[in-house]
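Here the structure is laid out as structure tokens; the discussion comes afterwards.
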Amino acid sequence: MSVEPTALQLQVRDTPDLGLLVVAPAGCGKSEALALRVQGMIRRGVAAGPRRILVATFSNRAKDNIRERLRSYLTAAELRDKVTVINFHGLASRLYRSHAAAIGLDPEWELPENDWVKEQCQRMGLIYGQISAVDKALRQAKQDMVDDDEVMRRLEALGNQDAIEVERVRIKDQQLTYDDLPRMAELILANDAVAGLYSAHFAAVVVDEFQDLTPQQLRMINRIGAGRTTYAGDLAQGIYGFTGAKPDEILAAIVAEVATVVELTESHRSSPAVLAAVNALTPLTLGSELACAAPDTWPSGGIAAEVHHQSADSEAEWLVKLAKAIMSRAPGQRIGVISRIGSRRRFADAALAAESGFEVHRWDDGVLDTETARRVRSTLANVDSAAVLTSKDPIEALRDLADFHELQDPADRLALADALGWMLELLTQGLAPTDIAKRVRVGDNSTLLTRPGVHLLSGHAGKGQQFDWVFTIGVEDGNVPFFEAKTPEALLEEARVLSVMMSRARHGVVLSHATAVPALSGTVWSKDPSRFLTAGLRAQLTDAAGLVEWFKAADWEAVAGR
């Protein structure tokens with residue numbers, strides 16, 4: 001390792017209690033602490049004999065990340081024989097395929113490989129608001145331990161006819177969705193024999209990002225490792241309420257379960273200026289305040305600013321100038337341009353995409369995880385473009401080449417299905433496979449996640465990432481907070497989204513807002529700055545003039561090297 005573990009990270013490693021809560025705000029070295037935690041448990045003999053430690057994540061990228069960290073602390077044999085790293089959908093899928101028959105279910109129903117519900121809604125001609133209502137109805141009906149008959153009764157009680165029709169088609173087609181997998185897993189784990197098998201096999205459990213858990217997922221984990229689970233995460237990063245996550249409820253349940261709590265309080269990611277701004281949001285997010293681990297190592301202490309623009313177009317032009325100023329001085333750095341919703345970012349996207357002086361990466365196009373990128377490159381090396389494009393079913397032809405049907409983990413299937421759709425689109429446009437391959441990167445150091453330049457993304461997509469600079473745009477009421485957020489709980493989550501966007505930044509964060517912002521319809525609306533720009537937050541922010549002065553005075557060689 002190039003960095004020595006902190007005293008608190010070592011405390012996480014050495015805590016003997018198997019029930020542990022690690023409170024880990026953004027940039028506090030959570031992944032390192034969890035890798036050390038697994039190392040400590042293995043060295044203490046927790047996973048003796050054939051027993052293993054289960055590490056559960058929420059995404060393929062998180063799965064890749066924790067595996068990479070574990071390689072720094074475990075031998076190859078320990079990682080192979082003592083640790084299972086899997087995401088929640090993969091865990092539920094494994095339970096279903098292996099044990100559905102134990103409770104009278106058919107294990108051969110189709111696993112989800114894309115957003116099947118959205119696809120059915122589109123076939124029915126539904127529009128955005130209707131699709132959202134269907135999603136919400138199905139999610140509400142399925143987040144308890146209920147069978148298909150009870151789901152249908154709940155949908156009929158809700159009265160959403162579109163959701164009822166989608167559910168009827170799902171059952172007829174023998175299809176599982178992402179809402180069905182955890183429901184089926186919970187039903188299966190209610191069988192004491194199955195739960196006992198998994199509880200005996202896994203001596204301890206580690207859950208990354210506890211704040212993203214739904215109550216249903218927590219019940220799954222409890223059936224496998226109640227009292228033997230390490231939970232790590234940060235209440236202020238609980239931004240997935242739309243999936244059914246209930247951060248405050250989950251935290252209360254975890255505190256009642258575990259024996260020990262360790263709080264990581266030092267940020268290794270962000271400059272003092274960025275941290276001061278993020279800390280100013282804690283009254284709104286109910287998160288924890290952080291101290292900078294090494295404040296004297298940040299050139300000029302970093303920068304946090306608020307800038308106002310007359311229009312979204314002038315904001316976009318200004319962002320281009322600022323990006324040029326940074327990339328000309330620190331060409332190896334990364335700038336995140338982040339908006340709460342993608343449509344508010346379209347002005348910046350268009351302006352930045354026209355620039356040729358630096359790379360621009362639009363995350364909406366997809367960022368491939370390591371395994372998906374490997375399969376895509378392998379497929380491109382063997383594909384016959386003409387044969388694929390003239391085949392009866394081009395997407396199925398690509399799936400055959402990529403061995404798509406060998407995958408069981410639904411998250412893996414979804415990632416590869418999306419990537420192959422992207423590949424087919426480029427082949428249809430006439431790009432050669434070799435040219436497409438140049439746009440795919442395999443490995444942590446060569447994926448789009450780590451490439452220098454400007455990265456365009458939404459607030460939710462940026463969770464778990466970091467950038468040298470963050471431009472948070474559209475910090476206006478109606479965007480931040482989103483106009484649909486009406487309840488105190490919804491507004492709390494919106495404040496947390498802003499905190500997540502800001503806390504991605506290392507050297508500097510800029511909060512930007514405009515007065516005149518066109519809607520997608522073309523109507524120009526007059527916007528007010530976000531209500532989250534409180535007096536406390538603004539006290540930590542400089543203005544446009546202060547930002548310019550900071551740029552002039554900064555030691556850019558030191559900035560580029562930090």
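The values are calculated or read from the model by the stated rules, or taken from the named source; none is laboratory data. Remember, it's a predicted structure, so these values are computed and weren't measured experimentally. All Cβ positions, even for glycine, are placed from backbone atoms using ideal geometry, and neighbour counts span all protein chains on display.
Only one of these is free of Cβ contacts under 8 Å to residues at least 60 places away in the same chain and outside the structural domain of Thr285 (by TED's automatic domain parsing): Ala253, Ala236. Name it.
Sole residue among the options that is free of Cβ contacts under 8 Å to residues at least 60 places away in the same chain and outside the structural domain of Thr285 (by TED's automatic domain parsing): Ala253.
Could you list all residues from segment 483-517 that are in a strand (DSSP E or B) and buried (at least 16 other Cβ atoms within 10 Å of the Cβ)?
Scanning segment 483-517 gives Ala505, Arg506, His507, Gly508, Val509, Val510, Leu511, Ser512, His513, Ala514, Thr515, Val517.
Which pairs do you get when a residue that is among the charged types (D, E, K, R), found in segment 139-151, comes within reach of a residue that is at pLDDT below 95, reach meaning Cβ atoms under 7 angstrom, with the pair 6+ apart or on two chains?
Sorted first by the residue in segment 139-151, then by its partner, the pairs are Arg139/Gly244.
Could you say whether any residue in segment 200-207 is within 22 Å of Ser59 (Cα to Cα), in contact with a Pro (Cβ under 6 Å, 6 or more places away or on another chain) and not assigned by TED's automatic domain parsing to the domain that holds Arg504?
no
Is it the case, given these coordinates, that Arg183 is out of contact with any Gly (no Cβ under 7 Å at 6 or more places or on another chain), assigned to a helix (DSSP H, G or I) and free of Cβ contacts under 8 Å to residues at least 24 places away in the same chain?
no
May I ask you to list the residues in segment 423-461 that are of a type in the set (S, T, N, Q) and at pLDDT below 75?
Gln429, Asn445, Ser446, Thr447
Matching residues to (1) in the same structural domain as Tyr198 (by TED's automatic domain parsing); (2) buried (at least 21 other Cβ atoms within 10 Å of the Cβ); (3) free of Cβ contacts under 8 Å to residues at least 60 places away in the same chain:
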residue: Val38; (1), (2), (3): yes, yes, no
residue: Arg44; (1), (2), (3): yes, no, yes
residue: Ala76; (1), (2), (3): yes, no, yes
residue: Ala100; (1), (2), (3): no, no, no
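Would it be correct to say that Val360 is closer than 30 Å to Gln333 by Cα and assigned by TED's automatic domain parsing to the domain that holds Val454?
yes
So which residues in segment 277-290 are among the small types (Gly, Ala, Ser) and either surrounded by 18 or more Cβ atoms within 10 Å (Cβ to Cβ) or at pLDDT 95 or above (or both), if there are any at all?
Result: Ala277, Ala280, Gly287.
Give the number of residues within segment 318-333 that are within 26 Å of Ser530 (Cα to Cα) and out of contact with any His (no Cβ under 9 Å at 6 or more places or on another chain).
5
Can you say whether Ala26 is touching a residue at least 24 places away in the same chain (Cβ under 8 Å), crowded, with 18+ Cβ neighbours inside 10 Å and small (Gly, Ala, Ser), as far as the supplied structure shows?
Against the criterion (touching a residue at least 24 places away in the same chain (Cβ under 8 Å), crowded, with 18+ Cβ neighbours inside 10 Å and small (Gly, Ala, Ser)), Ala26 qualifies.
Just to check your reading of the model, which residue among Arg183, Arg139 is buried (at least 22 other Cβ atoms within 10 Å of the Cβ) and either within 18 Å of Thr243 (Cβ to Cβ) or out of contact with any helix residue (DSSP H, G or I) (no Cβ under 6 Å at 6 or more places or on another chain) (or both)?
Arg183
Say we look at segment 246-271 and pick out the residues that are assigned to a loop (DSSP other than H, G, I, E, B), at pLDDT 95 or above and of a type in the set (A, V, I, L, M); which of these is farthest from Ala141 (Cα to Cα)?
Checked segment 246-271; the qualifying residue farthest from Ala141 (Cα to Cα) is Leu264.
Within segment 228-239, can you find the residues that are surrounded by 21 or more Cβ atoms within 10 Å (Cβ to Cβ) and of a type outside the set (S, T, N, Q)?
Arg228, Tyr231, Ala232, Gly233, Asp234, Ala236, Gly238, Ile239
Out of the residues in segment 200-227 that are under 28 Å from Asp81 (Cβ atoms) and acidic (Asp, Glu), which is surrounded by the most Cβ atoms within 10 Å (Cβ to Cβ)?
Only one residue tops the list, namely Asp208.
Which members of segment 393-407 meet the condition of being at pLDDT 85 or above and surrounded by fewer than 16 Cβ atoms within 10 Å (Cβ to Cβ)?
The answer is Asp400, Asp403, His405, Glu406.
Does segment 531-552 contain at least one residue that is part of a strand (DSSP E or B), assigned by TED's automatic domain parsing to the domain that holds Arg334, closer than 30 Å to His268 by Cβ and under 29 Å from the mean Cα position of the chain (by Cα)?
No, there is no match, as no residue in segment 531-552 is part of a strand (DSSP E or B), assigned by TED's automatic domain parsing to the domain that holds Arg334, closer than 30 Å to His268 by Cβ and under 29 Å from the mean Cα position of the chain (by Cα).
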